[in-house]
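See below for the structure under consideration.
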Amino acid sequence: MSVERPAGLPARRTEPGFGSDLVVDLLRTLGYRYLPMNPGSSFRGLHDSVVNHGGNETPQLLLCLHEEIAVALAHGYAKARGGPAAAAVHDLVGLMHASMAVYDAFADRAPLLLLGGSGPADPAARRPIDWLHSATTQAELVRQYVKWDDEPATPEAFAHSVVRAHQLAHSAP
């Protein structure tokens with residue numbers, strides 16, 4: 001389902017102009033149809049790219065009221081589809097909220113690609129809220145029950161991480 005753009009809004013970007021545009025193209029290429037999320041500032045670039053570069057088509061945003069719901073939706077879709085599904089969570093705070101749903105997917109052996117936003121890696125670029133919501137070991141919260149985690153710092157590294165995570169989601173436990 002495609003959403004019509006209201007009059008006065010600029011046309012969607014078809015050529016990648018940002019690293020997050022490349023991620024949207026990669027998710028589409030890998031077959032991720034949906035991206036459930038509770039919108040957060042830590043992945044506002046990804047959210048913008050799904051809408052303005054990808055046209056909110058593939059992947060399509062599924063807006064959720066809570067990160068645990070976003071991961072639970074991806075879990076259910078992965079089980080129904082018989083393959084990996086993706087979800088996005090807001091930084092450290094969102095991962096804390098989603099951690100039980102991540103554990104549930106682990107216990108059910110549901111293959112998930114979990115994208116977590118984060119604050120700027122460079123401390124000089126962090127806003128006060130970034131200091132409160134960020135951690136350098138974000139994945140430590142779920143490391144005991146996920147197959148793999150990574151915290152890439154560049155668009156290229158992020159693309160490689162998504163491909164690696166996708167490959168691992170397709171592999172046996």
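Note on surface exposure: ASP91, ASP122, ASP48 rank ASP122, ASP48, ASP91 by accessible area, highest first, 1.4 Å probe.
Along its first, second and third principal axes, ordered by size, the stretch 25-120 spans 35, 28, 21 Å in Cα coordinates.
Working note: Karplus 6.51/-1.76/1.60 with θ = phi - 60° gives the stretch 119-125 the couplings x, x, 5, 7, x, 5, 9 Hz, where Gly and Pro are set to x. The alpha carbons of the chain stretch over 47, 42, 30 Å along the principal axes, in descending order. If you sort MET96, MET37 by accessible surface, 1.4 Å probe, largest first, the order is MET96, MET37. Summed over the residues of the stretch 59-173 and divided among them, the accessible surface reaches 55 Å² per residue at a probe radius of 1.4 Å.
Taking the 1.4 Å solvent-accessible surface of the stretch 19-173 as the whole, the part contributed by carbon and sulfur is 58%. Here the extension length gained between MET100 and LEU26 equals 23.9 nm, from 0.36 nm per residue of separation less the Cα-Cα distance. For the pair the stretch 17-89 and the stretch 98-173, the centres of their Cα atoms are 14 angstrom apart. Membrane-span-like helices of the chain, defined as complete DSSP H segments with a Cα extent of 20 Å or more along the helix axis and a mean Kyte hydropathy of at least -1.0, are identified as 67-81, 91-107, 155-169.
Summed over all non-identical Cα pairs, the Kirkwood treatment of the stretch 65-110 gives a radius of 10.3 Å. Histogrammed with a bin width of 10 Å, the alpha carbon distances of the stretch 111-163 distribute as 21, 51, 26, 2 percent, first bin at zero. Its relative contact order, with pairs defined as Cα atoms under 8 Å and 6+ residues apart, puts the stretch 68-118 at 49 percent.
The values are calculated or read from the model by the stated rules, or taken from the named source; none is laboratory data. As the structure is a computational prediction, the values presented were derived from the model and not from experiment. All accessible areas refer to the heavy atoms of the entire protein, side chains included, with ligands and DNA or RNA removed. Shrake-Rupley method; radii C 1.70, N 1.55, O 1.52, S 1.80 Å.
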